[in-house]
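Here the structure is laid out as structure tokens; the discussion comes afterwards.
The values are calculated or read from the model by the stated rules, or taken from the named source; none is laboratory data. Note that this is a predicted model, so its numbers are computed, not measured. Backbone-built Cβ (ideal geometry, glycine too); neighbour counts: all protein chains shown.
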Amino acid sequence: MKTIIFIGCNKSGSSREGVTSAMEMGYYTVLFTDRKYFLRESEELSDIHLMIYMKDLFKKEEVLKEIKKLTCKGNKIEAIISFIDPFVSYAATLSNEIGIMSCSMSALSIIENKIKFRTVLKHLSSALFYSVYTGEESVEVFANQFVDHFPLVVKPPISNGSKDVIFVNSMGELKRWIKNRQNEENSLPVLVEEYIEGRQFLVETIIYERKISIIAVIEQEFMNKNHFIITGYRFPAQLSNKLTEQLAIILSEIINKIGLVNGSCHFELRLSHGEWKLIEINPRISGGAMNKMIHYATGINLVKEILKVSLGERPTLEKTKNHFIYTHYLTVERRGQLLKIVGKDKASQHSGVREVLLKPRKGSILTPPKSMGDRYGYVIASGHSSEEAKKNAIQASKEIRFYLEPF
């Protein structure tokens, strides 16, 4: 029985669509999960043929033991893959352990660590000014190097979805933040980077036999008064041919420097004074609505093509559609327990709306966003132009109301 093993998965979004695509491709799907509630909700996860719960998925020998049991039962493991942090390079390591194709595990491990990739890429034109605080010198000595570089962004080396990412605007803020971190367990090292003004873009790519293919360039729009929470995605981004060509050159330089042979990445870059600057790189497709956005706009099922690369097959990347798409994410302004959500049906009936997703259930605790995980749904809409797609998504989202019991 041809089998694909997934290490970790979310209930919705790109990672779940990866499992569904594997099933549709005719594979037996096995999910290793550290989320016990998945077992209780297995009826809702019919595309997952077998779930194996483990409290700690990083206990490699125990995972390998379960994989061996599968092979003894006749399962032919064709690929081991993960679409979520922090398991991408780990899945490649497991693939290597059992002797199947590995998607460049050393390169993936570099990309997963923000300090490692900054170090490897520091001589490229797209690099930011940065430094790493390890605790070996005083906070005052470390902070002095940034006198001429404010504002700054401070972040842990391993994080995702803007979690624990801090914007600091003065020497006093930087010193206070680092001193507070010193008092927290396992809080060092930290990465401090210059903050770059400019339009921000997300770029989805596939790498096959060292060649990078740009699948989507999407402009990101931020929540008011928040430097890091993205609530709008505009696809395709409006860029000149010259800027698009420059972007392709820069991404090829990055991939060649890191040494990624096969796999997928999404990049976040800012366009500042006509130059591309790398903000983030992740060794997987972006989560949430990303795969559906790309599919609605181009006809490409990106997670399916990523699976094909992990199986050693050449991806099929020809576009069959060319639509303007905008995704608007939903947040709340105050903390409380969810009583009900209304307006989904009305939102779905608005012009151009392709999909409305609402994640939380009654009784959930909702909070104003501190990370991307605090976005509670989205509206995807199309239009005859980029602006019309945005207007359609935002107008539809106004129908949706979250009723909360405040704390």
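A few comments on the model shown:
- There is at least one residue in region 124-140 that is assigned to a helix (DSSP H, G or I), farther than 21 Å from Ala91 by Cβ and more than 21 Å from the chain's Cα centre (by Cα).
- Single residue of region 147-165 satisfying the filter (surrounded by fewer than 18 Cβ atoms within 10 Å (Cβ to Cβ) and either of a type in the set (Val, Ile, Thr) or at pLDDT 90 or above (or both)) that is nearest to Arg284 (Cα to Cα): Ile158
- Scanning region 121-136 for residues that are out of contact with any helix residue (DSSP H, G or I) (no Cβ under 8 Å at 6 or more places or on another chain) and either farther than 12 Å from Pro189 by Cβ or aromatic (Phe, Trp, Tyr) (or both) yields a total of 3.
Let's see how each residue does on (1) of a type in the set (Gly, Ala, Ser); (2) outside the structural domain of Ile80 (by TED's automatic domain parsing); (3) surrounded by fewer than 19 Cβ atoms within 10 Å (Cβ to Cβ); (4) in contact with a helix residue (DSSP H, G or I) (Cβ under 8 Å, 6 or more places away or on another chain):
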site: Lys304; (1), (2), (3), (4): no, yes, no, yes
site: Lys319; (1), (2), (3), (4): no, yes, yes, yes
site: Gly336; (1), (2), (3), (4): yes, yes, yes, no
site: Lys344; (1), (2), (3), (4): no, yes, yes, no
site: Ser351; (1), (2), (3), (4): yes, yes, yes, yes
site: Glu355; (1), (2), (3), (4): no, yes, yes, yes
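Yes or no, residue by residue, for (1) surrounded by fewer than 16 Cβ atoms within 10 Å (Cβ to Cβ); (2) within 22 Å of the chain's Cα centre (by Cα); (3) modelled with pLDDT of 95 or more:
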{"site": "Val190", "(1), (2), (3)": "no, yes, no"}
{"site": "Ile196", "(1), (2), (3)": "no, yes, no"}
{"site": "Ile212", "(1), (2), (3)": "no, yes, yes"}
{"site": "Asn226", "(1), (2), (3)": "yes, yes, no"}
{"site": "Ile230", "(1), (2), (3)": "no, yes, no"}
{"site": "Ser240", "(1), (2), (3)": "yes, no, yes"}
{"site": "Ile254", "(1), (2), (3)": "no, yes, yes"}
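- For Tyr233, the criteria (1) part of a strand (DSSP E or B); (2) over 26 Å from Lys391 (Cα atoms) hold in every case but one, which is (2).
- Options Ile394, Ile380; residue that is part of a helix (DSSP H, G or I), modelled with pLDDT of 95 or more and of a type in the set (A, V, I, L, M, F, W, C): Ile394
- Pair list, Cβ < 6 Å and 6+ apart or interchain, from region 64-77 residues that are assigned by TED's automatic domain parsing to the domain that holds Ile7 and outside any helix (DSSP H, G or I) to residues that are of a type in the set (Asp, Glu) and surrounded by 11 or more Cβ atoms within 10 Å (Cβ to Cβ): none
- Listed conditions (1) at positive phi; (2) surrounded by fewer than 22 Cβ atoms within 10 Å (Cβ to Cβ); (3) under 17 Å from the mean Cα position of the chain (by Cα) are all met by Gly312, apart from (3).
- Residue within region 147-158 that is aliphatic (A, V, I, L, M), closer than 21 Å to Asp374 by Cα and part of a loop (DSSP other than H, G, I, E, B) present: yes
- Of all residues in region 256-284 being of a type in the set (Lys, Arg) and in contact with a strand residue (DSSP E or B) (Cβ under 8 Å, 6 or more places away or on another chain), the one that is surrounded by the most Cβ atoms within 10 Å (Cβ to Cβ): Arg284
- Test: Glu112 is modelled with pLDDT under 95, under 30 Å from Thr298 (Cα atoms), within 18 Å of the chain's Cα centre (by Cα) and not aliphatic (A, V, I, L, M): yes
- Against the test of being farther than 27 Å from Thr298 by Cβ, in contact (Cβ under 8 Å) with a residue 40 or more places away in the chain and not in a strand (DSSP E or B), the options Glu184, Glu193, Glu197, Glu253 yield a single qualifying residue, Glu197.
- Looking only at region 25-44, and only at residues there that are touching a residue at least 12 places away in the same chain (Cβ under 8 Å) and assigned to a helix (DSSP H, G or I), the one that is surrounded by the fewest Cβ atoms within 10 Å (Cβ to Cβ): Glu44
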